Amino acid sequence: MLKNLSEIIKNNQFILILLIINFTIFNISSNFQINKFKDIPFDSKKLPKLLSSPVEMNLWKKGYEFKNKNLLSNIQDHEFRHHFLPSKLLGLFGKLSGLKFYDNDIINFDGIYYFFLFQTILYYLSIIYFYKTLKNLILNNFIIYSSVLFLLFEPTINQYRYTIFGETIFFTILIFIFSFLINLPKKNSTYLFVGLLFGICYLQRSVAMFLIIVPILILIFEFRFNSISKILNLGISFSLILLILGYLNYNRVNIFYVLPTQTIDNLYNYFLPSVEMKRLNLKSIKDAKLKLRNEKINFAKENNLNLEKEADRITFYQWQRNKAVNTLLNNKIITFQTALKSSLHSTLLNPTEILFRRIVGSGYYKSELHQKTIKYRIIYSLCVYILIFIGFIYTIKYKLNFPHLLLIISMYFFVISSWVGYTRYFVPSYLSLCLYFGYGTYYLYSILKRNKFKWKKI
């Protein structure tokens, strides 16, 4: 047994070294951020720096509520407004670990390190599984190590380990999905588990709702008529997740729905203001938001909606969605220009966003620090994207198809969420380009070995 263990360590010593180095960095960084930003402001209207956004503060409160909930009751006893799982995982972790949340109504961060550690360990497990999958494909070791290095150390991706956003757990699920897609299981029954994995991915991040389309298309292309049983199993387990979610909502409000209500009105509140500002030549985005806010309030009054009732709120959200869709479709050029600008802005990597936002606070995006770092972010982004592009060209030249499977996932997330304009929404797309980074780094390594004009097939 010891001999086998010794052989495993010997054969995988590089990945073990990377994990040890990364874990050391994690411990230093997490303790620094907790100690630096754990202080609670005296002004109750100000957010603590360790929870420096309203989204994090809401997750914290919901996690605390779930910690104190009887699990035999309806675990979704409030409007399904945001992602289903993050606050519940945080609350469940609090039940099991003793994470306090509050002490006499004052935020208490005791135990938060262990939550950061928990999601980091899950992330490591997904990377180890991905690493083993790549090994089974008999790839060049340099490419495997470069791809893993990207996932372990790229700061734009890894900064979320020190937050309660739930992004790291979402990335963990995605990396497991990557492993299944690049090495599709042959057994039909395995796809029952894969469908559950896609369902859990959706519960963690609602943007993954239609991600199930990707494996369906890949299975049809790969197995043709033999894909039917696999797709059925995939659909059965994925649908089971949706049915449970829909039942929880129906049990509460007598309306069966499976999409977070925020996805109904998000175009109206987050995208339409930019379009309206251009369409109506308004002076600022604030003017557009005020106009839209007044319109939806008037709609609620004219239709006697009681926004204390969830059913009326859903009607309210649906009106906003219809209004937004109609306006956008009637102004296609402005809509396209606005979406393109936001999408391009989201691709500008921000590897220090979490740290700097905690330093500056809620005004970070309009701060001098934010402006000063833009040029460095552009340089960094260009360097990484050049490597990724080289890797993409390499795979095209040598007809290496499996990295393109992850490109489909990248394109899916980009189309679904890049219009929001924030880097955080682009990171799933960015994560999916890890194999191109590996191939691009390999080619750069070949150049350094004076193989500048020789493309060596792997």
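Read-outs throughout are calculated quantities, based only on the coordinates presented, and are distinct from any laboratory measurement. Since we're looking at a predicted model, the values are computed, not measured. When we count neighbours, we look across all protein chains shown, and the Cβ atoms used for this are built from the backbone with ideal geometry, even at glycine.
Rounded to the nearest whole angstrom, the semi-axes of the ellipsoid equivalent to region 55-166, taken from the Cα gyration tensor as √(5λ), stand at 34, 15, 12, largest first. Counting only residues at least eight positions apart within a chain, or on another chain, the lysines with an alpha carbon under 17 Å from that of LYS36 are LYS46, LYS49. Note down the net charge around ASN350, summing +1 for each Lys or Arg and -1 for each Asp or Glu among other residues with Cβ under 15 Å from its Cβ. Net local charge, ASN350 excluded: +4. Just to be sure I follow the definition: excluding the sites themselves, where is the longest run in the chain that has none of the GluC sites (Glu not before Pro) in a DSSP loop with at most 16 other Cβ atoms within 10 Å? Longest gap between qualifying sites, sites excluded: 80-307. Here the residues HIS78, HIS345, ranked from fewest to most Cβ neighbours within 10 Å of their Cβ, fall in the order HIS78, HIS345. Rg and Dmax of the chain, based on Cα coordinates, read 23.5, 77 Å. Among the lysines of region 262-330, pairs at least eight places apart or on separate chains and with Cα atoms under 15 Å apart come to 8. Here the 3J(HN,Hα) profile of region 150-162, calculated from phi with Karplus coefficients 6.51, -1.76 and 1.60 at θ = phi - 60°, is 4, 5, 7, 10, 5, x, 4, 7, 7, 5, 6, 5, 9 Hz, Gly and Pro shown as x.
Each Lys or Arg adds one and each Asp or Glu subtracts one; over the other residues with Cβ under 14 Å from the Cβ of TYR160, this totals +1.
The amide H of SER432, built 1.01 Å from its N in the peptide plane, has no neighbour under 5 Å, considering only residues 5 or more places off or on other chains.
With respect to the chain, whose longest principal axis is taken over its alpha-carbon atoms, helix 213-223 is tilted by about 30°. Other residues with beta-carbon under 14 Å from the beta-carbon of LEU151 carry, at +1 per Lys or Arg and -1 per Asp or Glu, a net charge of 0.
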